[in-house]
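Written out below as structure tokens is the structure these notes cover.
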Amino acid sequence: MNRRRCAAAAITLVCALGLLTVPVQAMAAPLPDVPPTAPGASAPLSPAYPLPPSSPLPLSASDQKLEKVREQIETLYRKAGAATDAYNLAQEQTKKQSGEIVKLAKAIVDGQARIAELKDRAGAQAREQYRNGGLPPGAQLVLSDDPQLFLDGINKVRQSQQANKTVLAELKRTQEDLETYTQDASSHWQKLETNRVKQAKAKKKINAQIAAAEKLESQLEKKERARLRQLEREAASRAQSAWLATRPQPAQGIENVGGGATPAGRAAVAFATAQIGKPYVWGATGPGSYDCSGLTSKAWAAAGRPIPRTSQEQWRLLPRIDIQDMRPGDLIIYHADASHVGMYVGDGSIVHSPRPGRNVTLAGAGSMKILGVVRPDK
């Protein structure tokens, strides 16, 4: 009996030791919706990403349905973002064309006034010649027997001829310029109308995509909408963790928020993070609301470095750098169509204006598909 008890105790001890040696996987906490400390405060901004999560558990049937809805909503908002970029670009081009038309209109008015003045001068010269019997001023002196008067007459005739040539040449040049201005104005009007049509189409598309996304979400119950937000955070967390895994020494090599930035970069980061909590509104550039590129363009304008208005133009025109070399203030461009942009603030985070229904916030820099990085102050 004692032997049996000893054996049972030994087995129990072995099992307990076995359980203690099984590795425990830590589950990632969801990303909290807590605004960071404002720039200049003593406490640092909190990282916008959680620790790398363990492998996700299989989704329940209800979660699978919600995940499909989440993907549909995300796709609709991405399409709306691309349309917003098209709208913003058309709006910028419309402003430019309008400005050019104003300049051309002034040039046309000035040209018309100059032509009228030159015609008056040419008319006065013609009338003077008519009064002198068709001869230019001084021509009569050429006929004089007095040598000095003859020479004076020759000089006056030459001066008169040169004045006539100068007036006629300037008149011709001004008329040609006026014709060019008129043609340019017509061309700019056509471009202006084209851009207005583009704006109208983009606006219609934006409203349609947003309405479709809002309709999908409105059909969910309150509990389902809360779970949808959770799935959204979990998807962003997985993407961020996967991105961090590709970076060299992510636990030690990620600088503090704002660290390593240039003075202009720090000013841009300070402006952008000060907007945290303000709502996304497509086409908005502040001060009460922003779309994604409205936030980044205004932040860099506040830092004294104006940049293109749209994320696609920022990607096209600003100097590109390797993602491993980015520093706070750099802009990360997202998605294959460059339809979204966020500002890198360090510590693996960006500040961005996500989409309709969301506010300016911190997020993991790798929580969306990165297209590349550009540097406004390179």
Item to complete: Scan segment 347-364 and report the pairs whose first residue is touching a residue at least 12 places away in the same chain (Cβ under 8 Å) and whose second residue is assigned to a strand (DSSP E or B) and among the polar types (S, T, N, Q), with Cβ atoms within less than 7 Å and a gap of 6+ or a chain change.
Response: PRO354/THR361; LEU362/SER349; ALA363/SER349; GLY364/SER349
Worksheet item: So which of ALA213, ALA236, ALA202, ALA226 ends up being in contact with a strand residue (DSSP E or B) (Cβ under 7 Å, 6 or more places away or on another chain), under 30 Å from GLY366 (Cβ atoms) and in a helix (DSSP H, G or I)?
Response: ALA236
Item to complete: Starting from segment 83-98, take each residue that is closer than 20 Å to HIS335 by Cβ and list its partners that are acidic (Asp, Glu) and assigned to a helix (DSSP H, G or I), counting only C-beta distances under 8 angstrom and pairs at least six apart or across chains.
Response: LEU89/GLU313
Fill in: Number of the condition not met by ARG375 [criteria: (1) surrounded by fewer than 22 Cβ atoms within 10 Å (Cβ to Cβ); (2) touching an Asp or Glu at 6+ places or on another chain (Cβ under 9 Å); (3) closer than 22 Å to ILE276 by Cβ]
(3)
Fill in: Odd one out for ASP377 among (1) closer than 21 Å to ALA90 by Cα; (2) in contact (Cβ under 8 Å) with a residue 12 or more places away in the chain
(1)
Item to complete: Quick one: which residue in GLU117, GLU128 is at pLDDT 75 or above and charged (D, E, K, R)?
Response: GLU117
Worksheet item: If a residue has to be crowded, with 22+ Cβ neighbours inside 10 Å, touching a Phe, Trp or Tyr at 6+ places or on another chain (Cβ under 8 Å) and over 13 Å from LEU89 (Cα atoms) to count, how many in segment 267-290 make the cut?
Response: 3
Fill in: Matching option when the condition is surrounded by 14 or more Cβ atoms within 10 Å (Cβ to Cβ), modelled with pLDDT of 90 or more and over 23 Å from GLU74 (Cα atoms), among ALA185, ALA264, ALA212
ALA264
Worksheet item: Yes or no: LEU192 part of a helix (DSSP H, G or I), more than 30 Å from ALA116 (Cβ to Cβ) and within 29 Å of the chain's Cα centre (by Cα)?
Response: no
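The values are calculated or read from the model by the stated rules, or taken from the named source; none is laboratory data. Worth saying up front: this structure is predicted, and the values here are computed from it rather than measured. Cβ: placed from backbone, ideal geometry, glycine included. Neighbour counts: every protein chain shown.
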